[in-house]
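Structure, as structure tokens:
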Amino acid sequence: MRSRKNAGGFTLIELMVVVAIIGALSATAITLFQSQQLRSKRAEGMTNIEALAKSADGYFGEVGAYPSVAGSWPAPFPDPVATAWDAASSAAFGAIGFRAEGAVRYRYDLDATPAECPCASQNCFTAIAFSDLEGDGAPGGVAYFRRDDLGIECPTAIFGWNAPTDPTTGLPIHEAAAAYPGAGGPLAPDDY
């Protein structure tokens with residue numbers, strides 16, 4: 001007579017527990033993967049906005065004033081799909097020599113005219129890269145706020161954003177590229 005204890009295999013309950021564990025791990029992994037994808041896409045905005053700010057500072061060094069760019073480029077309003085950096089975009093930023101390489105997921109703008117900046121000295125500017133990477137209708141972005149000698153900053157002409165706040169110090173972030181949350185709520189990594 002054969003004993004039931006020696007029979008091999010798994011019980012139905014053991015299989016269900018394994019499947020539940022695999023499902024939970026998969027859900028966590030997918031969420032982390034999507035978050036990493038968005039952070040990777042945000043790196044484009046951070047890199048290009050730093051380059052745009054350096055180009056504007058170089059222009060200021062040569063001309064004595066910051067340039068302004070009419071509109072955001074490349075057109076149209078952002079969506080999650082990458083758009084080619086076209087000839088019109090290159091022409092819009094031609095005075096300062098800024099050009100993004102390849103297709104971009106962000107739209108870029110530089111504000112420095114008296115109509116856009118409240119600083120009387122005209123020694124301030126705001127550069128912004130904005131996108132709707134998630135496709136949820138709430139764009140977020142990366143901005144660079146150069147204050148004038150009196151500490152006055154330009155809000156962005158696109159959304160009227162002011163410098164984002166550093167979560168550790170509570171102070172506005174100036175003279176550095178900083179992420180800005182989507183329009184719908186608090187700062188969250190998936191809004192950029």
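The values are calculated or read from the model by the stated rules, or taken from the named source; none is laboratory data. Here the structure is a predicted model, which means the values were calculated and not measured. Note that each Cβ is placed from the backbone with ideal geometry, even for glycine, and that neighbours are counted across all protein chains shown. Note: areas computed on protein heavy atoms with side chains; ligands, DNA, RNA excluded. Shrake-Rupley method; radii C 1.70, N 1.55, O 1.52, S 1.80 Å.
With a 1.4 Å probe and every protein chain kept in, tell me what percent of the accessible surface of the chain is carbon plus sulfur.
With neighbouring chains kept in place, the figure for the chain is 60 percent.
In square angstrom, what is the accessible area per residue of the chain with a 1.4 angstrom probe?
Per-residue accessible area for the chain comes out at 56 Å².
Please state the shape class of the stretch 67-127: rounded when a/c is under 1.5, otherwise prolate if a/b exceeds b/c and oblate if not, all from the C-alpha gyration tensor.
Note, shape of the stretch 67-127 comes out prolate.
Compute the Cα gyration tensor for the stretch 40-171, then decide on rounded, prolate or oblate, letting a ≥ b ≥ c be the square roots of its eigenvalues: rounded whenever a/c is under 1.5, prolate when a/b is larger than b/c in the other cases, and oblate in all that remain.
Note, shape of the stretch 40-171 comes out oblate.
Could you please report the charge total around ARG147, scoring K, R as +1 and D, E as -1 over all other residues with beta-carbon less than 11 angstrom from its beta-carbon?
For residues surrounding ARG147, the net value is -3.
Which shape class applies to the stretch 41-80: rounded if a/c is under 1.5, otherwise prolate when a/b exceeds b/c and oblate if not, where a ≥ b ≥ c are the square roots of the Cα gyration tensor eigenvalues?
oblate
Return one number: the angle in degrees, 0 to 90 and rounded to the nearest 10, between the long axis of the Cα atoms of helix 12-63 and the longest principal axis of the Cα atoms of the chain.
Tilt of helix 12-63: around 10 degrees.
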